[in-house]
Every structure is written in structure tokens, then in C-alpha cells.
């Protein structure tokens with residue numbers, strides 16, 4: 001009987017709260033500070049998104065802009081269908097120009113790609129090193145798109161100028 005009384009009291013308190021407090025919450029307003037799209041050099045900016053590049057990895061990406069002109073990015077992804085495929089990579093960026101909503105930068109990075117059964121990489125050039133330029137533009141205040149062209153060295157000796165693309169959501 002005591003459990004039933006406690007349940008009834010709890011239900012009554014929840015109902016009273018919903019009748020008295022909830023209607024006031026409907027008309028309440030929350031004012032959030034506006035996000036700044038300029039990636040101001042005076043503060044750290046962090047981003048999380050997706051990246052696809054033949055030099056520095058394919059998958060989920062984390063980016064960190066320092067208050068100076070430097071940034072770094074870490075990318076990794078795993079796919080398993082019949083065989084395991086994964087990539088992991090990192091990239092350093094140096095800004096030539098940073099304006100509200102856009103930037104132009106030099107980029108250099110390294111990536112490792114694996115595809116095949118465990119312990120047997122079927123890729124001929126799994127290690128890759130890239131060097132080139134890139135640009136980033138704000139698609140909204142927090143959402144940015146990036147396009148790069150890196151001269152990519154494959155560990156089998158091939159060198160190709162290849163594009164990389166990514167989208168990041170920035171936390172200001």
C-alpha cells in the first residue's frame with residue numbers, strides 16, 4: 001500500500017508541475033550568443049566533420065585552429081564488408097589569408113590506408129604523403145566546406161596531384 005501511495009503522490013506532483021510551470025516555459029525565450037564566422041585569430045576554434053582525401057584519410061575528422069596561423073586535422077575511418085578497409089591520417093595547415101567566412105592555406109599531411117584480410121594489405125601504396133594548398137569557405141556560421149589539392153606521394157613511388165574535400169561543424 002505504501003508504494004501505491006508514493007506513486008500516487010509522485011504522479012500528483014508531476015501533474016501539478018506540468019499545469020503550473022510548463023505553460024510558463026512555453027513562452028520563455030533563450031538568447032544564445034551569436035557564433036562568429038570569422039574564426040578569429042585571437043581564440044581556439046574546434047571542428048568535427050567528414051573528410052575524404054587520398055593523402056590524409058577518409059572518415060570522421062577533427063580539426064583544431066590555434067589562435068595563430070596554424071591548424072591541425074586528424075582523420076580516420078573503418079569500413080568492413082568482406083574485408084577490413086581503414087584509413088588514418090593527419091594534416092598540418094598554415095594560413096596565408098584568413099578573412100570572415102573564408103581562408104587560404106598551405107597543407108601538408110600523411111596517411112595510411114589498409115584494405116584486405118587482417119594482416120595482408122592489398123594496396124600497393126598504403127603510405128601517402130601530401131603537400132599543397134587549400135581553401136575553406138563558410139556555408140553557414142558554423143558549417144564550413146574545404147577543398148584542397150595536394151601533390152600526393154604514394155609509397156609505391158607514384159606522385160599525383162589529387163583533390164581532398166571535407167565539411168566541418170565548428171565549435172566557437
> Once label points are set 7 Å from the Cα along Cα→Cβ at both residue 42 and residue 122, what is their separation, rounded to one decimal in nm?
Replying inline: 5.5
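Using the Cα atoms of the stretch 85-146 to build a convex hull, what is its mean projected area in square nanometres?
5.3
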> To the nearest µm²/s, what D does Stokes-Einstein give for the stretch 54-123 at 37 °C and 0.692 mPa s, using the Kirkwood radius over alpha carbon pairs as Rh?
Replying inline: 244
>> Given all pairs of different Cα atoms, what value in angstroms does the Kirkwood hydrodynamic radius of the stretch 45-171 take?
In response: 14.8
>> Using Cα-Cα distances under 8 Å and only pairs 6 or more residues apart, what relative contact order does the stretch 45-171 have, in percent?
In response: 24
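A short reminder: the numbers here are calculations on the coordinates, not readings from a lab. Just so it is clear, the model here is predicted, and its values are computed rather than measured. All Cβ positions, even for glycine, are placed from backbone atoms using ideal geometry, and neighbour counts span all protein chains on display.
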